[in-house]
Amino acid sequence: MIRSNASQKIDNSTRNYIYTGYLTAISGGILGLVMGWDLMKEKRTIRSGEIRFSYSLSDRQHGARILILAGICSIFLLTLTIIALDI
């Protein structure tokens with residue numbers, strides 16, 4: 001099977017979006033939650049009227065990981081803040 005060069009080309013803007021998503025998720029920001037959700041759920045309508053996901057399966061899996069990581073880090077940082085304010 002021969003693959004075209006277009007399918008092998010890595011989209012750098014998507015990679016940068018994923019890297020930024022991980023960084024914002026680790027910092028515990030809401031932006032990480034939004035970016036993870038966007039990577040997972042973003043859809044577009046193509047000319048034929050068919051609705052497809054905007055990102056590839058591996059990118060959507062990264063989005064799920066970003067979303068989970070951002071949730072865990074947000075809860076952790078919120079807990080630390082509450083503990084620090086309670087003292």
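Solvent-accessible area per residue in the chain equals 78 Å², computed with a 1.4 angstrom probe and all protein chains kept.
Magnitude of the charge dipole for the chain, about its Cα centre and with charges confined to Cβ atoms of Lys, Arg (+1) and Asp, Glu (-1), is about 500 debye.
The protection proxy used here, the mean number of other Cβ atoms lying within 10 Å of each residue, ranks peptides 64-70, 43-49, 74-80 as follows, highest first: 64-70, 74-80, 43-49. Work from the charge dipole of the range 38-87 (Cβ charges, +1 for Lys and Arg, -1 for Asp and Glu, about the Cα centre) and give the residue of 79, 51, 62 farthest towards its positive end. Checked the options; the winner is 51. Relative to the longest principal axis of the Cα atoms of the chain, the long axis of helix 30-41 lies at roughly 30 degrees.
Computing volume of the Cα convex hull per residue in Å³ directly from the structure and comparing it against [x] 114; [y] 100; [z] 79 singles out [y]. Once both axes come from the Cα atoms, what is the angle between helix 12-26 and the longest principal axis of the chain, in degrees from 0 to 90, rounded to 10? Approximately 20 degrees, to the nearest ten.
Computed on protein heavy atoms with a 1.4 Å probe, the accessible areas place 59, 38, 86, 11 in the order 86, 11, 38, 59, largest first. Note on residue 16 and residue 86: the extension gain reaches 21.3 nm, defined as 0.36 nm multiplied by sequence separation minus the Cα-Cα distance.
The values are calculated or read from the model by the stated rules, or taken from the named source; none is laboratory data. Bear in mind that the values here come from a model prediction, so they are computed numbers and not experimental data. Neighbour counts are summed over all protein chains in view; Cβ atoms, including those assigned to glycine, are modelled from backbone coordinates with ideal geometry. Keep in mind that these areas ignore ligands, DNA and RNA; they rest on the heavy atoms of the full protein, side chains included. Shrake-Rupley method; radii C 1.70, N 1.55, O 1.52, S 1.80 Å.
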